[in-house]
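*Asks:* Dropping the structure in here first, questions after.
Every number in this text was worked out from the coordinates using simple rules, so none of it is lab data. Everything quoted here is computed from the prediction, not taken from an experiment. Virtual Cβ from ideal backbone geometry, glycine too; neighbours counted across all protein chains shown.
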Amino acid sequence: MVTELLTASNLIFIVILSTIIVVVLFVLHQVILHKKIQLFKIITTTESEYEERKKQQQVLYNISSSVFILSSSEKIIKNALNEIVTMYQWPSLSYIPISTNPPITFGKEVTFSKDEIFDKIKQNITQIKTDTNESSYIIFLFPVGQKDNILGTLYVPSTTSELSANQVFFFKTIASFLTLVITNNYKIKET
Amino acid sequence: MIILFLLCLFIIFVTSIITLRSFCIFTVTQKKLRNLRKQVLIMTNESMVINNLFESAYIYKSKYERIEKLLDDIYTIMGWRCSFFEFIDKDQQLELKIHRGLSPVYLNTVREILHNRISTGDYASGRVISTRQPVIVNDWLKDPHLSKVAFVAKIGDIYSFAAFPIMTRYKNYGTLHLYGHHANNFKLNEVEFFATLANSLSVILENDDLNNERR
């Protein structure tokens with residue numbers, strides 16, 4: 001019966017139909033492949049955003065927990081910078097106090113004087129562009145303390161021209177936290 | 001001819017398998033992206049809660065106003081049922097002061113059994129005060145400390161909870177409680193986030209106290 005069905009004309013029809021089916025499946029496969037590639041790109045971006053936020057959360061947790069273990073503001077600040085450099089893997093970071101105490105630095109040394117930095121802060125300038133022989137980078141400043149009582153600033157060098165909104169929020173949270181901790185420690189010592 | 005026919009069938013079969021495989025991988029990848037986006041959304045909400053907490057840190061507010069705002073954010077932005085137990089120093093007890101999302105039946109039961117108070121060292125919440133560490137109960141029904149009150153879990157639809165101390169070196173403010181609908185609701189990143197929130201709130205409340213003393 002099968003051989004009867006497989007006449008020359010039927011076979012031609014079967015071959016044409018098979019070709020059409022294969023072509024359709026192939027086109028479908030290409031479309032799926034194209035969408036898969038797009039999806040992988042989105043996943044890569046989302047994954048890196050997720051990993052970054054996870055690290056930030058870990059850093060905030062470590063810093064907030066250290067407040068109850070470390071007794072002095074200087075130790076808390078050093079621990080905070082250390083966490084950001086180690087856990088968050090930020091290459092270089094400093095805290096510059098407004099007092100005569102020296103800056104606390106992890107990585108690149110501070111290339112501006114205190115007067116220059118705090119003048120910028122008074123003018124509400126929180127980014128300084130630098131151009132050295134080796135590279136050009138931007139310094140982002142995150143003041144620690146309140147407007148009428150600046151205690152210092154985070155000095156954050158970055159090779160990118162802009163920090164992401166997420167990164168800005170992260171450093172601002174750190175600065176707010178340090179403001180509260182330093183202010184509290186100072187008031188407790190006074191009493 | 002039969003061979004040709006079989007060859008056509010074979011080619012169609014192989015192409016179908018390849019296309020089906022691609023489609024399955026695509027579906028799995030889409031699911032992975034959905035999960036990732038869900039995680040990122042949770043973290044975005046967490047950032048919003050922390051941001052709100054710190055933004056209001058320098059604005060004068062009473063302790064209860066501040067904690068109410070925080071609990072509102074935890075409940076509305078993050079969807080977690082929560083409560084604040086205040087530490088009453090003279091009695092060395094925790095008293096339920098503010099709550100969000102808890103059922104009236106559960107609250108009445110807590111009132112009847114505990115009179116809204118928990119002594120230091122008792123149950124999970126009391127242990128938070130005595131140990132100064134968070135306590136995570138990922139399955140209320142199986143926790144040996146809470147076996148006496150396991151029936152309360154079913155009443156309140158609370159099968160897991162976590163309690164975090166709100167305290168500084170010098171003062172104990174109380175505990176922040178979060179309640180889960182299922183067992184094993186608390187993953188590491190959630191525990192770390194709520195611990196960060198409790199620690200940050202402690203520092204802000206201490207700042208408020210010190211400012212009040214100065215005034």
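*Asks:* Below 9 angstrom from the Cβ of B:ASP208, what's the summed charge of the other residues (Lys, Arg +1; Asp, Glu -1)?
*Replies:* With Lys, Arg at +1 and Asp, Glu at -1, the neighbours total +1.
*Asks:* Here's something else I'd like to know. Compute the Rg to Rh ratio over segment B:43-137 from the alpha carbon atoms, using the Kirkwood formula for Rh, and round to two decimal places.
*Replies:* Rounded to two decimals, Rg over Rh is 0.99.
*Asks:* Regarding segment A:22-64, what are the three Cα extents along the principal axes, ordered largest first, in Å?
*Replies:* Principal-axis extents of the Cα atoms in segment A:22-64, largest first: 61, 10, 5 Å.
*Asks:* Which one, A:PHE112, A:PHE140, A:PHE40, has the greatest fluctuation when you compute a Gaussian network model over chain A with C-alpha springs under 10 angstrom?
*Replies:* Sorting by GNM fluctuation, first place goes to A:PHE40.
*Asks:* Moving on to the next point. So for segment B:86-173, averaging the separation of alpha carbon pairs under 8 Å that are six or more residues apart and normalising by length, what relative contact order in percent results?
*Replies:* Result for segment B:86-173 is 26 percent.
*Asks:* Normalised by the number of residues in chain B, what is the relative contact order in percent for Cα pairs under 8 Å and 6+ residues apart?
*Replies:* Over chain B, the number comes to 16 percent.
*Asks:* Using the Kirkwood radius built from alpha carbon pairs, what does the Stokes-Einstein equation give as D for segment A:134-191 at 4 °C and 1.567 mPa s, in µm² per second?
*Replies:* The calculation lands on 102 µm²/s.
*Asks:* Residues of A:26-37, mean number of Cβ from any other protein chain within 10 Å of their own Cβ, rounded to a whole number?
*Replies:* 4
*Asks:* Taking the Cβ of B:ARG100 as the center, what net charge do the other residues with Cβ under 9 Å away carry, scoring Lys and Arg +1 and Asp and Glu -1?
*Replies:* -1
*Asks:* In Å, what Kirkwood hydrodynamic radius results for segment A:1-138 from the alpha-carbon pair distances?
*Replies:* It is 21.4 Å.
*Asks:* Sticking with this structure for a sec: For chain A, what's the relative contact order in percent, using C-alpha pairs closer than 8 Å and at least 6 residues apart?
*Replies:* 14 percent
*Asks:* In a shell of Cβ-Cβ distance under 10 Å around A:THR153, excluding A:THR153 itself, what net charge do Lys and Arg (+1) and Asp and Glu (-1) give?
*Replies:* Charge balance in the 10 Å sphere: +2.
*Asks:* Across all directions of projection, what mean area in square nanometres is found for the Cα convex hull of chain B?
*Replies:* For chain B, averaging the hull's shadow over all directions gives 17.2 nm².
*Asks:* I'd like to know how segment B:10-97 sits against the 2.2 N^0.38 Å rule of thumb: what's its Cα Rg over that expected value?
*Replies:* 2.03
*Asks:* What is the projected area of the convex hull of the Cα atoms of segment B:126-215, averaged over all directions, in nm²?
*Replies:* The directionally averaged projection comes out at 6.5 nm².
*Asks:* Additional query: Scale the Cα Rg of segment A:111-157 by the rule-of-thumb value 2.2 N^0.38 Å and send over the ratio, two decimals.
*Replies:* 1.18
*Asks:* What number, in nm² with one decimal, is the all-direction average of the projected area of the convex hull of the alpha-carbon atoms of the protein assembly as shown?
*Replies:* 31.5 nm²
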